[in-house]
Amino acid sequence: MSAEKNGVPTITSVKDDKGLEIPNGGATSATAVHLSGFAVAGEKVEIFDAAVSRGQAVTSAAGLWDLGLPGLTLGIHSITAKGSAGSSPARTFTVVEAK
């Protein structure tokens, strides 16, 4: 169900520092990623990595939001987007040591 129907934010994309999509459950050596998604137009969406707030994005008139997420540590990251109607499903990925 989309954000337009139930108001809950979604995460539609997680890209590494080269602009490549990181699949849900995937791995990357990038310590900075770019997130994007949908939510209710004009809403502030708070981004969490597990229980830690990593910043806010304000949605556009079309309901789009995006946010850069720098300084990721090695290990598993579980990203959610929280709005007034609830939280998105978690988008997970693992940051691994560069080869």
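Residues in the range 70-80 that are over 12 Å from the mean Cα position of the chain (by Cα) and outside any loop (DSSP other than H, G, I, E, B) were compared, and the one that is surrounded by the fewest Cβ atoms within 10 Å (Cβ to Cβ) is G75. Condition check for T94 on (1) in a loop (DSSP other than H, G, I, E, B); (2) surrounded by 13 or more Cβ atoms within 10 Å (Cβ to Cβ); (3) of a type outside the set (A, V, I, L, M); (4) out of contact with any Pro (no Cβ under 9 Å at 6 or more places or on another chain): one failure, at (1). Contact map, the range 63-90: first residue more than 15 Å from A27 (Cα to Cα), second residue of a type in the set (K, R), Cβ cut-off under 7 Å, separation 6 or more or different chains; pairs are L69/R54. Residues that are open to solvent by 40 Å² or more (accessible area, probe 1.4 Å) and part of a strand (DSSP E or B) were ranked within the range 10-35; the one that is farthest from E97 (Cα to Cα) is T12.
Scanning the range 81-90 for residues that are open to solvent by 30 Å² or more (accessible area, probe 1.4 Å) and either among the polar types (S, T, N, Q) or modelled with pLDDT of 95 or more (or both) yields a total of 5. Would you tally the residues in the range 36-69 being in contact with a Ser or Thr (Cβ under 7 Å, 6 or more places away or on another chain), at pLDDT 95 or above and either of a type in the set (K, R) or exposed (fewer than 14 other Cβ atoms within 10 Å of the Cβ) (or both)? So the count comes out to 1.
Each residue in the range 58-85 was checked for being at positive phi and in contact with a helix residue (DSSP H, G or I) (Cβ under 8 Å, 6 or more places away or on another chain), and 1 pass. Can we say G55 is assigned to a strand (DSSP E or B) and at positive phi? Spelling it out, G55 is indeed assigned to a strand (DSSP E or B) and at positive phi.
The values are calculated or read from the model by the stated rules, or taken from the named source; none is laboratory data. Not measured: the values here are computed from a predicted model. Because the Cβ atoms are built from the backbone with ideal geometry, glycine has one as well, and the counts that use them run over all protein chains shown. Note: areas computed on protein heavy atoms with side chains; ligands, DNA, RNA excluded. Shrake-Rupley method; radii C 1.70, N 1.55, O 1.52, S 1.80 Å.
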